[in-house]
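The values are calculated or read from the model by the stated rules, or taken from the named source; none is laboratory data. From a predicted model like this one, the values you see are computed outputs, not experimental measurements. No Cβ is skipped: glycine too gets one built from the backbone with ideal geometry, and neighbour counts run over all protein chains shown. These accessible areas exclude ligands, DNA and RNA; they are computed on the full protein's heavy atoms, side chains included. Shrake-Rupley method; radii C 1.70, N 1.55, O 1.52, S 1.80 Å.
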Amino acid sequence: MEVFHEEMPFDLDFHPSSPLVVTSLITGELCMFRYGPESQPERLFSVKAHEESCRAVRFVDSGKVILSGSADCSVLASDVETGKAIARLEDAHENGINRLICLTETTIATGDDEGCIKVWDTRERSCCNTFHVHEDYISDMTYVADSNQILATSGDGTLSVNNLRRNKVKSQSEFSEDELLSLVVMKNGKKVVCGTPSGALLLYSWGYFKDCSDRFLGHTQSVDTMLKLDEETLISGAADGVIRLVGILPNRIIQPLSEHSEYPIEALALSNDKKYLGSLSHDKMLKLWDLQELLNDPQAVNGGEHAESDSDDDSDDDGMDVDMAPTSSKGSRRKNGGKDQSSSRPGSDFFADL
């Protein structure tokens, strides 16, 4: 199943309970589709949500609301049935928003082009945590519920661990000599895997984030996005347009699953029942794949690269770094349509209408 967009899509998310998928576009639009096993996705609406590129989108409030973050520095809450705006936070950040994730039923986190991370509490209707740890754009974030921490990667080449309970940066890695573009937590929380522009996957052991303990060189091009499938395997989307199934410890490319196009994979997502895998690429296509079919019968693609692993001693005796100062290196890879904008306007009333 596939849908063509008139402009390039940046992000997608599946509804938590219904066969719906939403995409966000470089033009600031949100597009909603209904999909089914025997028909092409049906476009339900397309609305102009932001003045500039809409880089991140997520369903919240049990799927009743769509939250989106934009290069225009705003966060918008939209009705899932009509796409109409419910509430807007005009100046959520001083710089363009690059990532948005859901933490709990009542909290979300946003990351911007200059490395700032903010946590928003929908009950208090305000920003409750702010982390100024990175010096370049936030490329990816994930929430670890057990320890109430946000892990973030950045164009400055570092990985950070941000403690929400104490509102402080618990740890930050050394500069990796490469930008960090994506991350997943694997092996029951024991390993953090980060994708890089060189194609290497960097593995960090939990609690020892100063330097990676393992480098897996299985991809030949940039690993821009990753999805955790289970504790042992992840799905990667690379700049060569190939979607792969990757095993972690032992590190190996298990199989190429499919080729979206010859263009870079922009985003990946799994449906709530893990039946469908959604992918976006620079070819402006949204593709929905039957995941079980891909796993059982992968398409013949040019993805059989020689995989290498450059492992250090897995004991990670480098110790934990607490409250490290941000590195000075600057990355260069940003989403299109970025915008620097300063504002002191508070956003405490954003969630008042939710």
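If a spin label sat at a point 7 angstrom from the Cα of Glu231 along the line to its beta carbon, the backbone N atoms of the range 125-162 nearer than 15 Å would be those of 146. Computed from backbone phi with θ = phi - 60° and the Karplus coefficients 6.51, -1.76 and 1.60, the 3J(HN,Hα) list for the range 203-217 is 10, 10, 8, 4, x, 10, 9, 4, 8, 5, 9, 7, 10, 10, 9 Hz; x is used for glycine and proline.
May I ask you to compute the full-extension gain from Ala85 to Glu293, defined as 0.36 nm times their residue separation minus their alpha-carbon distance, rounded to one decimal in nm?
Extending this stretch completely gives an extra 71.1 nm.
Summed over the residues of the range 173-299 and divided among them, the accessible surface reaches 34 Å² per residue at a probe radius of 1.4 Å.
In order along the range 238-247, phi translates into HN-Hα couplings of 10, 5, 7, x, 9, 9, 10, 9, 10, x Hz, rounded to whole numbers, per the Karplus curve 6.51 cos²θ - 1.76 cosθ + 1.60 with θ = phi - 60° and x for Gly and Pro. For the range 58-66, backbone phi angles converted through the Karplus equation (6.51, -1.76, 1.60; θ = phi - 60°) give residue-by-residue couplings of 8, 7, 9, 6, 6, x, 7, 10, 10 Hz, Gly and Pro being listed as x. Ordering 88-101, 255-268, 40-53 by mean Cβ neighbour count within 10 Å, with the highest value first, yields 88-101, 255-268, 40-53. For the range 67-214, with all protein chains in place and a probe radius of 1.4 Å, 39% of the accessible heavy-atom surface sits on carbon or sulfur.
When the Cα positions of Ser173, Ser279, Ser198 are compared along the charge dipole of the range 173-299, Ser173 comes out farthest toward the positive end, with charges on each C-beta of Lys, Arg, Asp and Glu. Dipole check for the range 173-299: with +1 at the C-beta of Lys and Arg, -1 at the C-beta of Asp and Glu, and the Cα centre as origin, the magnitude is about 380 Debye. Near the amide H of Gly96, within less than 5 Å, lie the amide hydrogens of Asp113, Lys339, Gln341, all on another chain or at least 5 residues away, with H placed in the peptide plane.
In this structure the amide hydrogen of Val133, modeled in the peptide plane, comes within under 5 Å of the amide hydrogens of Ile117, none closer than 5 places in sequence on its chain. The lysines within cross-link reach of Lys48, meaning a Cα-to-Cα straight distance under 26 Å and a gap of 8 or more places when in the same chain, are Lys64, Lys84, Lys118, Lys284, Lys287, Lys335, Lys339.
When the residues Thr225, Thr104 are ordered by accessible surface, computed with a 1.4 Å probe over the protein chains alone, the sequence from largest down reads Thr104, Thr225. Amide hydrogen proximity for Arg252: with H placed 1.01 Å from N in the peptide plane, the residues at 5 or more positions away or on another chain lying under 5 Å are Gly247.
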